[in-house]
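Below is one structure, written out as structure tokens; the observations come after it.
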Amino acid sequence: MKKRQRRKGCALIRMLICVFGILLFALAGVKGIHDCFERLDQKKAKEVSQAVERIPDSMHRQIKENFYYNILRTDEEKVAYEEILAGIENEEEKITVHLNDPKRVNRIYQMVLMDYPKYFWCTGNSETAGYESEDSSSILTPEYSCYGEERAKKKEELKKAAAELKSRITILGDSYETIKSVFEEIIRWTEYELDSPDNQNIYSALVNRKSVCAGYAKTTKYLLDMFGIPCIYVVGSVSGQGAHAWNIVECQGEYYHVDTTWGEPVFLREEGTETYGSIVYDYLCCSDEELFKTHTESEEYDYPACVSEKNNYYRLNGMYYETADAEDMRKAMRASIQQKKESVSFKFHDRTQYENAHELLFDSLLEESVQYLGKLYGLDVVTYSYEEAEESNRLTVYWKYGGD
């Protein structure tokens with residue numbers, strides 16, 4: 001990483017600028033930019049202060065907690081971030097940014113949008129022009145999808161939909177349970193549809209209730225932000241599928257991946273037919289080791305490592321197995337049937353154990369358990385389905401109990 005070099009110049013001028021910056025900070029009550037003013041001339045400092053003053057006070061504390069803001073390398077870039085944020089918050093069509101580097105300005109603009117999914121009217125496209133002027137600035141022209149009355153109407157629709165979805169989320173005072181509930185309710189609320197309108201923003205998922213990965217991941221962050229749970233919007237790719245987005249959350253002091261899109265129910269095999277299964281929990285609070293079997297993070301950003309498996313769904317619910325053991329599997333299947341559970345899952349440490357379990361299940365254990373279910377509930381015909389999740393080393397069997 002290159003070290004920043006301080007500008008050389010008159011100490012007295014730097015002192016005056018510093019005093020001026022402190023005075024502006026006191027008057028405006030704006031945090032996060034006063035440390036940068038000693039590197040700006042008085043005119044630029046005044047313009048920056050006037051721009052950032054337009055950010056609501058309630059947002060000032062959040063800025064310093066934002067992931068993408070914190071990975072910016074220079075004070076100049078952080079000032080640019082706040083200027084762009086102020087412009088978007090005030091729905092400006094042209095935003096003056098005191099950074100004469102269109103490429104960096106556009107990158108920072110994208111980072112602002114990833115920190116603030118609430119700005120659904122920003123398409124992510126923009127035009128940026130740099131000017132070699134006295135204050136060396138750029139003009140950012142964001143592309144907006146809607147304006148005026150239409151935007152105001154959509155904001156109200158979004159507010160109403162978010163409130164309804166939020167009311168369905170279970171809050172038990174535990175961050176894991178909140179994360180799990182948000183994960184589940186977004187999946188129940190939203191349908192994955194590749195060609196859905198507005199599918200790169202939260203409006204698609206919350207109001208239209210149809211979206212793609214960007215809409216799922218931004219909505220996950222939007223809701224977890226409401227509950228005060230640290231959440232990062234992550235960009236990367238999936239093997240064989242191209243660009244993808246998901247989240248990293250902080251839970252009980254540890255970082256975990258959450259891919260709400262991949263929690264959508266999958267097609268299951270059911271006696272030669274296909275049917276939808278239940279929510280998939282493989283990508284709820286999983287580690288790098290687990291996720292990186294299929295996902296790759298963008299190298300552009302230094303995301304936190306996710307090494308803990310403490311809050312892995314299958315570990316927490318007694319469904320994680322180091323080895324494939326026929327008796328353990330038999331007991332688990334019978335217990336699920338006795339309790340009339342919808343399904344029973346077996347997640348294994350590695351591919352070898354998964355393959356061993358697969359052989360045990362389909363050689364005899366599954367047929368044995370089906371007969372047990374039929375005898376226990378007096379059924380002549382038992383219907384079941386199963387899922388073979390090879391990428392995550394998991395087998396799941398779904399039971400049907402007659403007319404239930």
Quick check on residue 278: is it among the polar types (S, T, N, Q), touching a strand residue (DSSP E or B) at 6+ places or on another chain (Cβ under 9 Å) and at pLDDT 95 or above? no
Being of a type in the set (A, V, I, L, M), outside any helix (DSSP H, G or I) and not assigned by TED's automatic domain parsing to the domain that holds residue 301, is that true of even one residue in the range 123-130? yes
For the range 338-386, give me each residue that is of a type in the set (D, E, K, R), at pLDDT 95 or above and farther than 30 Å from residue 309 by Cα. 363, 367, 368, 375
Quick one: residue 194 ticks every box in (1) in a helix (DSSP H, G or I); (2) more than 22 Å from residue 116 (Cβ to Cβ); (3) over 14 Å from the mean Cα position of the chain (by Cα) except a single one, so which number is it? (1)
Scan 135, 195 and give me the residue that is in contact with a helix residue (DSSP H, G or I) (Cβ under 9 Å, 6 or more places away or on another chain), charged (D, E, K, R) and modelled with pLDDT under 95. 135
Report yes if some residue within the range 145-161 is charged (D, E, K, R), free of Cβ contacts under 8 Å to residues at least 60 places away in the same chain, closer than 21 Å to residue 259 by Cβ and part of a helix (DSSP H, G or I); otherwise report no. no
Within the range 330-386, the count of residues that are more than 15 Å from residue 319 (Cβ to Cβ) and assigned to a strand (DSSP E or B) comes to 2
Is it the case that residue 116 is within 19 Å of the chain's Cα centre (by Cα) and among the hydroxyl-bearing types (Ser, Thr, Tyr)? yes
When the range 389-398 is checked residue by residue, the ones that are in a strand (DSSP E or B) and modelled with pLDDT of 95 or more are 394, 395, 396, 397
Yes/no for residue 204 being touching a strand residue (DSSP E or B) at 6+ places or on another chain (Cβ under 8 Å), closer than 23 Å to residue 192 by Cα and modelled with pLDDT of 95 or more: yes
Considering each of 158, 165, 140 in turn, give the residue that is surrounded by 15 or more Cβ atoms within 10 Å (Cβ to Cβ) and assigned by TED's automatic domain parsing to the domain that holds residue 102. 140
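Yes/no matrix, rows are residues, columns are (1) surrounded by fewer than 16 Cβ atoms within 10 Å (Cβ to Cβ); (2) assigned by TED's automatic domain parsing to the domain that holds residue 237; (3) of a type outside the set (Ser, Thr, Tyr); (4) farther than 30 Å from residue 71 by Cβ:
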site	(1), (2), (3), (4)
329	no, no, yes, yes
336	no, no, no, yes
339	yes, no, yes, yes
351	yes, no, yes, yes
370	no, no, yes, yes
377	yes, no, no, yes
392	no, no, no, no
395	no, no, yes, yes
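For every residue, the table says whether it meets (1) touching a strand residue (DSSP E or B) at 6+ places or on another chain (Cβ under 7 Å); (2) surrounded by 16 or more Cβ atoms within 10 Å (Cβ to Cβ); (3) free of Cβ contacts under 8 Å to residues at least 24 places away in the same chain.
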site: 309; (1), (2), (3): no, yes, yes
site: 318; (1), (2), (3): no, no, yes
site: 342; (1), (2), (3): yes, no, no
site: 348; (1), (2), (3): yes, yes, no
site: 360; (1), (2), (3): no, yes, no
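The values are calculated or read from the model by the stated rules, or taken from the named source; none is laboratory data. Source: prediction; values computed, not measured. As a convention, Cβ positions derive from the backbone with ideal geometry for all residues, glycine included, and neighbour counts pool all protein chains shown.
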